[in-house]
Amino acid sequence: MGTCREKFLNWSLSRLIYVQVWLWLVEQLVVAIDGPAGAGKSTAARMIADRLQFDFLDTGAMYRCATLAALRAGVELTDQSSVAELVRQLDIQLEGRNVWLNGEDVSLAIRTPSVSSQIGPIADNMQVRRQLSQWQRSWAQDRHVVTEGRDQGTEVFPDARCKIFLTASSEERARRRVQELSAQGIEADYPGILDQQNQRDRDDARREFGGLRKAADAVEVVTDGMTLEQVVDRLETIIRPWISTPSPECQLDVRS
Ligand code: DC
């Protein structure tokens, strides 16, 4: 009788472990990628999401939508409550590379220099950040997601199992920016771009809300001298173990 009971208990325990491992494997995986502007984050994050067949959450697009909406409504961008009230009423949809704002495809409109240069007060608005962070969390629910921004691993998804801080030296980032501009036929001087970027990094680090910080448990990837393909390969090496065998040991293996 005793043996039978023991057998049953052993069997139940093994089933329980099996179910727990299974749940762990199918559980939503959030890959949070943060880092400074110019580190090649967006392109690499999108590419790795495609490669892994994860959904891609472009959080910058949300801040851009909020800015575009506030500019169109003629709201004073520094009027925090009015901007926050306006943002609460927005319907922002992200579908692949397309961004919809209140039913209108604004994929191009949110990337104009006018929007890019006026995001600052919106990104500094704590109420807006709260609202957008909430939308980001609900967007990610029940999906495997690669999310990209500056506060994803620290504030929006502090419990994300896989966090990556993608960065590059300021010199490398400035060189890339000069190349990008010259590919668009815009002549830019390297020292000027480097100065601007250093200033932006300092401002970003000082931000009271949503400042760029590396999460303590993020894996840092410095992309100096790497091609885009190499960066994406490196991301895959870091992320893959979390998909197949997401155990703490594998976390250590990846980081060592
Ligand atoms: O990644 P991007 O250039 O599209 O981002 C646009 C702006 O939004 C950028 O100035 C930083 C800000 N941003 C933010 O404050 N928090 C995020 N999670 C993502 C972007």
* Tell me, in nm to one decimal, what length is gained between Gln118 and Glu187 on full extension, where the rule is 0.36 nm per residue of separation less the Cα-Cα distance? -> 22.6 nm
* Structure fact -> If one builds a Gaussian network model of the chain from Cα atoms under 10 Å apart, the most fluctuating residue listed among Gly96, Gly74, Gly211 is Gly74
* **Value of [θ]222 nm, deg cm²/dmol, for the chain, DSSP H segments ≥ 4, -39500 (n - 2.57) each, nearest 500** => -17000 deg cm²/dmol
* By the scheme Lys and Arg +1, Asp and Glu -1, what is the net charge of all other residues having a beta-carbon under 14 Å from that of Gln141? -> -2
* To do: Give the distance, in whole Å, between the Cα centre of the range 148-189 and the Cα centre of the range 56-116.
  => 21
* Expressed in nm to one decimal, what extension gain is obtained for the pair Leu13 and Asn198 from 0.36 nm per residue of sequence separation less their Cα-Cα distance? -> 60.9 nm
* Note the angle between two axes, namely the Cα long axis of helix 59-73 and the longest principal axis of the Cα atoms of the chain, as a number of degrees from 0 to 90, rounded to the nearest 10. => 40
* Structure fact -> Summing +1 per Lys or Arg and -1 per Asp or Glu among the other residues with Cβ less than 10 Å from Ala84's Cβ gives +1
* Asked: When the chain is treated as a GNM, springs tying every alpha-carbon pair under 10 Å, which of Leu77, Leu16, Leu166 comes out with the largest mean-square fluctuation?
  -> Leu16
* Spin-label model distance (nm) - Arg51 vs Ala205, 7 Å beyond Cα toward Cβ -> 3.0
* Relative contact order of the chain: what whole-number percent is it, with Cα pairs under 8 angstrom and at least 6 residues apart? -> 29
* Mind pulling up the Rg/Rh value for the range 28-242? Radius of gyration and Kirkwood radius, both on Cα. => 0.95
* Asked: Relative to the longest principal axis of the chain, what angle (0 to 90°, nearest 10) does the C-alpha long axis of helix 228-244 take?
  -> 30
* Structure fact -> Cβ-Cβ cut-off under 11 Å around Ala109, Lys and Arg +1, Asp and Glu -1: the net charge is +1
* Trp242 accessible area, 1.4 Å probe, all protein chains in place, Å² to nearest 10 -> 20
* Structure fact -> Any lysines whose Cα falls less than 27 Å from that of Lys163, other than same-chain ones fewer than 8 residues away, would be Lys41, Lys214
* Asked: If the chain between Glu220 and Thr3 were fully stretched, how many nm would it gain, using 0.36 nm times the residue separation less the Cα-Cα distance?
  -> 72.9 nm
* Structure fact -> With Cα coordinates, the longest principal axis of the chain makes an angle with the long axis of helix 41-52, in degrees rounded to 10, of 30
* What residue among Glu172, Glu187, Glu229 has the largest mean-square fluctuation in a Gaussian network model of the chain, using Cα springs under 10 Å? -> Glu187
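The values are calculated or read from the model by the stated rules, or taken from the named source; none is laboratory data. These figures come from a predicted structure and were not determined experimentally. Backbone-built Cβ (ideal geometry, glycine too); neighbour counts: all protein chains shown. Areas reflect the complete protein model, heavy atoms only, side chains present, ligands, DNA and RNA absent. Shrake-Rupley method; radii C 1.70, N 1.55, O 1.52, S 1.80 Å.
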